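Participant: Pasting a structure here, questions to come.
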Amino acid sequence: QLPMVVVAGARSGVGATTAAVNLAAAIADGGDRVLLVDAAEDGRDLADLAGVARELEHSIADILCAKCTAADAIVAGPVGVRVLANRSCGLGKRRSASRRDAATCSREGQQKLLDEIDSLSDEIDLVIVDAGSGLTAWTRRLWLSAQCVVLVTTADDASVMDAYSTMKHSTADGIRPPVRLLV
C-alpha cells in the first residue's frame, strides 16, 4: 500500500485544500513523486488551486463509475505533482440512484479508487489526499488507510471546537493514524 497523508479541515473554509496543494508541492520539490487526490465530497477547488482545471479529461467520478482508470485521470500539476482531481458534485453519488444504491456505489467506488491508487506504486512515492471537511462515512475510510492525518483548523473558537469534535469522533470510531493539527 502506498504511503498516504490525509489532509482534512475541521470545518469548511479553513484552508485544508490550500494546505494539501502546498504540502504536495513542497514534497515534490524535494524530489519525491507525489500524487495529490481531491477526495472532498463537496468540493472541486483543488483543480483550480493546482492550476489543472483546464487539463482535466477525466476525474475521480469517472473512476468511481468505471469509465477510466486512475492512470487515465491523472494530470500534471505544479512542481511535478500529479493530480487526480474531482469535478463532480459529490463523490460516489449518482443523481438518479436510490439512497441504498448511492451508498453501495460509494463503498465500492471508494475501494476501487483506493485499489487504483495502490496500482500506481511503481510511479508514485506518496499520496496526499484532500479529504474535505469533517469526518464522514466517506472520509473515515481514507483516515483508516492513512499513515498520517493533518487536521486543519483556524484559531477561532468554532473551528477549534470542530477540530476537537472531529478528533473525539475519530478516536471513538477506532481511527488511529497519527493526527497532526495545523492551525
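The values are calculated or read from the model by the stated rules, or taken from the named source; none is laboratory data. Predicted, not measured: the structure shown is a model, and the values here were computed from it. Please note: Cβ atoms are built from the backbone with ideal geometry, for glycine as well, and neighbour counts cover all protein chains shown. Heavy atoms of the whole protein, side chains included, go into the accessibility calculation; ligands, DNA and RNA do not. Shrake-Rupley method; radii C 1.70, N 1.55, O 1.52, S 1.80 Å.
Participant: Any residue at all in the range 1-16 that is farther than 26 Å from Thr136 by Cα and either surrounded by fewer than 15 Cβ atoms within 10 Å (Cβ to Cβ) or among the charged types (D, E, K, R) (or both)?
Facilitator: no
Participant: When you scan the range 59-89, how many residues do you find that are farther than 19 Å from Glu108 by Cα, touching a helix residue (DSSP H, G or I) at 6+ places or on another chain (Cβ under 6 Å) and surrounded by fewer than 19 Cβ atoms within 10 Å (Cβ to Cβ)?
Facilitator: Of the residues in that region, 3 qualify.
Participant: Within the range 50-67, can you find the residues that are in a helix (DSSP H, G or I) and of a type outside the set (Gly, Ala, Ser)?
Facilitator: Once the filter is applied, which keeps residues that are in a helix (DSSP H, G or I) and of a type outside the set (Gly, Ala, Ser), the range 50-67 yields Arg54, Glu55, Ile60, Asp62, Ile63, Leu64.
Participant: So which residues in the range 1-42 are free of Cβ contacts under 8 Å to residues at least 12 places away in the same chain, among the polar types (S, T, N, Q) and not in a helix (DSSP H, G or I)?
Facilitator: none
Participant: Within the range 1-54, which residues are basic (Lys, Arg) and in contact with a helix residue (DSSP H, G or I) (Cβ under 6 Å, 6 or more places away or on another chain)?
Facilitator: Arg11
Participant: Right, next: I'd like the full set of residues that are open to solvent by 80 Å² or more (accessible area, probe 1.4 Å) and among the aliphatic types (A, V, I, L, M), limited to the range 156-176.
Facilitator: Once the filter is applied, which keeps residues that are open to solvent by 80 Å² or more (accessible area, probe 1.4 Å) and among the aliphatic types (A, V, I, L, M), the range 156-176 yields Met161, Ala172.
Participant: Among the candidates Leu182, Leu113, Leu151, Leu84, which residue alone is within 22 Å of Ile63 (Cβ to Cβ) and modelled with pLDDT of 90 or more?
Facilitator: Only one candidate qualifies: Leu84.
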